[in-house]
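Following: one structure in structure tokens, then a few remarks.
The values are calculated or read from the model by the stated rules, or taken from the named source; none is laboratory data. Small disclaimer: the values here were computed from a predicted structure and weren't measured. Glycine also receives a Cβ, built like all others from the backbone with ideal geometry; neighbour counts cover every protein chain displayed. Surface accessibility is based on the protein's heavy atoms, side chains included, excluding ligands, DNA and RNA. Shrake-Rupley method; radii C 1.70, N 1.55, O 1.52, S 1.80 Å.
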Amino acid sequence: MRRSGEAALAGMAGAALAGMAGSLVGLGAPAAVVGALNGVISGGRRIYAWRQPAGNVAFVLDSTWALATTTAAVVSHGVGAVRGEPGFSAALSERRNRHVYARGMTMRRGFAITYGNSVHGSGDTTHPRRAKLVTDHEDVHVWQARWLGPLYPVLYGGWMLGGAVAGVFVWLIRQRREGEERASLGKTVESCAYYLNPLEWWAYSRDDHWPPAGKVKGLGPDKPIVRSFVSTR
């Protein structure tokens with residue numbers, strides 16, 4: 001199928017699915033716009049693996065249950081383009097059910113970030129470690145966002161806020177104990193708010209990278225929550 005044809009068909013299908021889903025909460029028109037944009041952009045780039053069940057499931061979820069995070073992905077495409085040369089990676093995107101950018105809409109230098117079905121900040125994926133970061137870590141977030149839908153940003157953001165507050169108290173308590181590693185307040189808060197987030201724990205475990213170097217030693221679990229993809233291949 002030609003790119004233009006796939007973009008048109010995916011756009012129409014996405015608009016129809018998203019419009020029906022959005023109409024359930026009185027947002028049929030804006031939801032249809034998001035579904036159409038996601039379909040056109042993704043279809044034009046041949047993102048979805050239509051010949052595999054996972055590809056069809058990904059498209060349906062992106063166009064319905066996960067519309068909130070798909071909206072974030074659509075916005076991230078635009079912001080990344082405005083920033084200039086986002087560095088789209090066709091090799092890690094085509095028929096992989098995701099968009100991957102070397103740069104794009106990033107928040108922290110050296111850290112990749114996922115918005116719905118869009119991964120930004122992957123860096124130079126010719127290096128095996130950076131490619132594995134996409135396939136074994138960020139892709140987990142892509143599917144977490146799909147399965148959890150509107151709950152994903154609530155759960156992720158809620159943990160970060162609660163974890164930041166908890167991190168302050170943990171740091172104060174650890175300062176009074178003898179024989180424990182004295183980590184800075186910033187590192188302790190980061191560990192509680194980010195690294196100990198169950199959604200990150202899951203992704204780092206799948207990436208065979210738990211515990212990560214940035215987590216304060218002795219704070220939280222030191223064993224992975226699930227088996228890594230490496231161990232199952």
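See the values below:
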| quantity | calculated |
| --- | --- |
| Filter result for R146 (in a helix (DSSP H, G or I), basic (K, R), surrounded by fewer than 16 Cβ atoms within 10 Å (Cβ to Cβ) and at pLDDT 95 or above) | no |
| Residues (open to solvent by less than 20 Å² (accessible area, probe 1.4 Å) and closer than 24 Å to V57 by Cβ) located in the stretch 113-130 | G116, N117, S118, V119, H120, S122 |
| Residue, nearest to T70 (Cα to Cα), within the stretch 1-41, restricted to residues that are modelled with pLDDT of 95 or more, in a loop (DSSP other than H, G, I, E, B) and open to solvent by 70 Å² or more (accessible area, probe 1.4 Å) | L27 |
| Per-region count, the stretch 161-206, residues open to solvent by 40 Å² or more (accessible area, probe 1.4 Å) and part of a loop (DSSP other than H, G, I, E, B) | 8 |
| Residue list for the stretch 93-111, filter: open to solvent by 20 Å² or more (accessible area, probe 1.4 Å) and under 20 Å from V79 (Cβ atoms) | A102, R103, M105, T106, M107, R108, R109, G110, F111 |
| Where a residue in the stretch 48-59 is open to solvent by 40 Å² or more (accessible area, probe 1.4 Å) and its partner, wherever it lies, is among the acidic types (D, E), with Cβ under 9 Å and at least six apart | W50/E6 |
| In the stretch 63-101, the residues that are within 14 Å of G123 (Cβ to Cβ), assigned to a loop (DSSP other than H, G, I, E, B) and touching a Phe, Trp or Tyr at 6+ places or on another chain (Cβ under 8 Å) | P86, G87, S89 |
